[in-house]
Amino acid sequence: MTTIAATPRSATEPSASQPRPAQPSTNPNKALWEKGDFTRIARTMRESGEALVRAIGVAPGQRVLDLGSGDGTTALPAAQLGADVLGVDIAANLVRAGQARAREAGLANLRFQEGDACALDGLEDASFDLSVSIFGAMFAPRPLDVARELVRVTRRGGRIVMGNWIPNDPTLVAQILKISAAHTPPPPAGFVSPMTWGVEETVLERFAAAGISAGNVAFSRETFTFRYPGAPGAFVEEFRNYYGPTMNAFDAADKNGKALDLREALVELFVRQNLSGRSDLTVIPATFLRVTVSR
C-alpha cells in the first residue's frame with residue numbers, strides 16, 4: 001500500500017522507448033517498508049494467502065519466486081506444498097522475519113533474501129517456473145523495469161502471477177489510500193502510483209514493453225480478506241503503529257492537527273466494511289486484480 005493517491009500513467013510514466021532519468025542509488029521504498037513492523041498486518045492476511053497459493057496451482061518441485069514477499073504470506077504456503085521457493089523483498093527486517101518463519105516451520109526449501117524488484121541482480125534468466133508477486137512488486141518505483149525483470153527470470157512455458165490493488169475500488173485498501181491521501185503531501189516529480197498496476201490496459205502496456213503479447217495476459221477480480229482478532233478501531237491502531245505508509249499519513253496529519261480526523265475516518269471505514277457481525281472481530285474483504293502472464 002501507499003499513502004499517495006493514484007495518478008494516471010500517461011502523466012508520469014516514461015514510455016518503453018524513452019530514456020529513464022538517472023535513478024537514485026537507494027530504492028526510495030526501502031525506508032518506507034522497513035518502518036514499523038508489517039508482520040503485524042501480514043498476520044491478518046495468512047488465510048487468504050494460503051487460499052491464493054492453492055488457487056494458482058503451486059506444485060511440488062516447482063521453482064517459485066515470490067517477489068515482494070514480506071515475511072512469507074504466500075511464500076511459506078507455497079513451500080509447504082513442496083515448491084522450491086525464493087522470497088525476495090526490499091525490506092531487511094521482513095527478510096529476517098521470513099527467514100525466522102521458514103526455520104520455525106522446518107522448511108529447507110524456502111529461502112529469503114533482500115532484493116529490488118526493479119533490478120533482480122544475481123537472479124539468472126529463466127530461473128523460475130512460476131514468479132509470484134502479491135501486493136509486492138506493484139509498489140516498486142519503476143514499473144516497466146518490474147515487468148521486464150519478471151519476464152526475464154521466468155522460463156518459457158512458465159507463468160507470472162500478480163495480485164494488485166485496484167484504484168478507486170470501493171473496498172478496503174483503495175479506500176484507505178483515498179482517506180490517507182487527503183493528509184499526505186503531494187507526490188514527488190516522476191512518481192508513478194502503484195495503483196496503476198490495478199488498471200488492465202496499463203498492465204498490458206507494461207508487459208508488452210517486456211515482449212509479452214496481450215493474448216498471453218489474463219485478468220480476474222478476486223478477494224483477499226483481512227481477519228483481525230479484535231475490534232475495527234483496534235485494527236486501525238495496528239495500521240497506525242506498525243504499517244509504514246499509514247504511519248507516514250499520521251505523521252503528516254499530526255503536523256496539521258488532523259490526526260484525530262484521519263483516525264475517525266479510518267475507524268468509520270473499518271466499522272462499515274467489517275463483515276464479522278461482531279464488535280470484537282474484524283473481517284474485511286478487499287478486491288484485487290489478479291494478473292496471470294503465460295510466458
Which residue, chosen from Ala286, Leu260, Asn274, occupies the Cα position most advanced towards the positive end of the dipole of the stretch 253-295, where the dipole is computed from +1 (Lys, Arg) and -1 (Asp, Glu) charges on Cβ about the Cα centre? Ala286
Let's see if you can work this out: charge +1 on each Lys and Arg Cβ, -1 on each Asp and Glu Cβ, no other charges. What is the dipole magnitude of the stretch 133-214 about its Cα centre, in debye to the nearest 20? 340
5 angstrom amide H check on Thr171, placed H, neighbours 5+ away: Thr287
Give me the dipole magnitude in Debye, nearest 20, for the chain about the Cα centre, with unit charges on the beta carbon: positive for Lys and Arg, negative for Asp and Glu. 260
By count of other Cβ within 10 Å, fewest leading, how are Arg227, Arg278 ordered? Arg278, Arg227
Per-residue counts of other Cβ atoms within 10 Å, averaged by peptide: what ranking do you get for 75-86, 230-241, 215-226, highest first? 75-86, 230-241, 215-226
Label-to-label distance, nm, for residues given as Ala182 and Arg103 (7 Å Cα→Cβ offset): 4.5
At a Förster radius of 35 Å, what calculated FRET efficiency corresponds to the Cβ-Cβ distance of Glu237 and Ser213, to the nearest 0.05? 0.15
On full extension of the chain, what length is gained from Arg54 through Asp261, given 0.36 nm per residue of separation minus the C-alpha to C-alpha distance? 70.5 nm
Given the -39500 (n - 2.57) contribution per DSSP H run of 4+ residues, what per-residue ellipticity at 222 nm results for the chain, rounded to the nearest 500 deg cm²/dmol? -11000 deg cm²/dmol
I need Asp280, Asp71, Asp129, Asp37 ordered by Cβ neighbour count within 10 Å, fewest first. Asp280, Asp37, Asp129, Asp71
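Read-outs: derived from the displayed coordinates by stated rules, not from any lab. As the structure is a prediction and not an experimental result, all values here were calculated from the model. Methodologically, a virtual Cβ is constructed for each residue, glycine included, from the backbone with ideal geometry; neighbour enumeration extends over all protein chains shown.
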